[in-house]
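Have a look at the structure below before the remarks.
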Amino acid sequence: MTSDLLSYRKCESCQQVHLTEGWHHDDLGNLKCPECGKIGWNTEWPDPSIRQIFQIVLSYSSQEPHYERLACLLVSSCLEDLMKAQLIVMALHGNIWECIEFVMSPLLEAYRGRARQLQLYRHLGYASFDKDCIDAGLPNYGALWQKISNQRNQFAHTTVKPESSISPREIRSFIHETLIVFSLIHNKYNRETTGYDAATCRTNYSEEIKKLLENDEEDA
């Protein structure tokens, strides 16, 4: 498994994400979005801080005594940030985009951690995260994320050594698959947002989100 991450870029016009090698070049050598054709207006994806952390884990020697602890803690943290960004994209459906920051801020604060984020994902998306992983061609991704998350919790909250270990190969494969899964899911939902402006059937999630907020108030 290579220690270098594949390079992705996001178009700041249509917001779609593609492998850098899939971008075209104009006569001056500027990158041209393969989706909308916008030239020279793109950024590295995901956030450089996340890519840097993933690269640290990929480059870190698996022979170090605390490799698994370090890897699970860092990777789990990055996954929560990636999912947070994905949930915001998904919430841009329909007519709630005008109040997206107001609506999503308390939800994202209340729905922290892997399990709660996946619960919110199911409410905002067309299907469960696992189903979307299957559609992305990586049906085992969700199970491996669960395994890494369990190890992370074991390392973070107890002094007991986990009964089983996650191999460096599994961790490295998971990091590479993460960019595949999240880029495909991002593009799937981004095509339905006001940012992409190509929705054929927009859905109003205002009532659904209102119910979630009311449920959190009752549980408080």
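If we count every other residue with Cβ under 12 angstrom of Gln146's Cβ, Lys/Arg +1 and Asp/Glu -1, where does the sum land? For residues surrounding Gln146, the net value is +2. Solvent-accessible surface of protein heavy atoms, probed at 1.4 angstrom with all chains present, puts Trp41, Trp23 in the order Trp41, Trp23, largest first.
Solvent-accessible surface of protein heavy atoms, probed at 1.4 angstrom with all chains present, puts Glu109, Glu177 in the order Glu109, Glu177, largest first. Ligands, DNA and RNA excluded, the heavy atoms of Leu6 present near 90 Å² of accessible surface to a 1.4 Å solvent probe. A 1.4 Å probe, protein heavy atoms only, puts the accessible area of Thr20 near 40 Å². Over the stretch 43-84, accessible surface divided per residue gives 50 Å², non-protein components excluded, 1.4 Å probe.
Scoring 141-148, 26-33 by mean Cβ neighbours within 10 Å over their residues and listing the highest first yields 141-148, 26-33.
Of His18, His25, which has the most accessible area with a 1.4 Å probe, and how do the rest follow in descending order?
The most accessible residue leads, giving His25, His18.
Among the listed pairs Lys10/Lys147; Lys10/Lys38; Lys147/Lys188; Lys32/Lys188; Lys131/Lys188, those whose Cα-Cα separation exceeds 18 Å are Lys10/Lys147; Lys147/Lys188; Lys32/Lys188. Within the full protein context, the accessible area of Ser128 is estimated at about 30 Å² for a probe radius of 1.4 Å.
The values are calculated or read from the model by the stated rules, or taken from the named source; none is laboratory data. Note that the structure is predicted; figures quoted are calculated from it, not measured. As a convention, Cβ positions derive from the backbone with ideal geometry for all residues, glycine included, and neighbour counts pool all protein chains shown. SASA here: full protein model, heavy atoms, side chains in, ligands and nucleic acids out. Shrake-Rupley method; radii C 1.70, N 1.55, O 1.52, S 1.80 Å.
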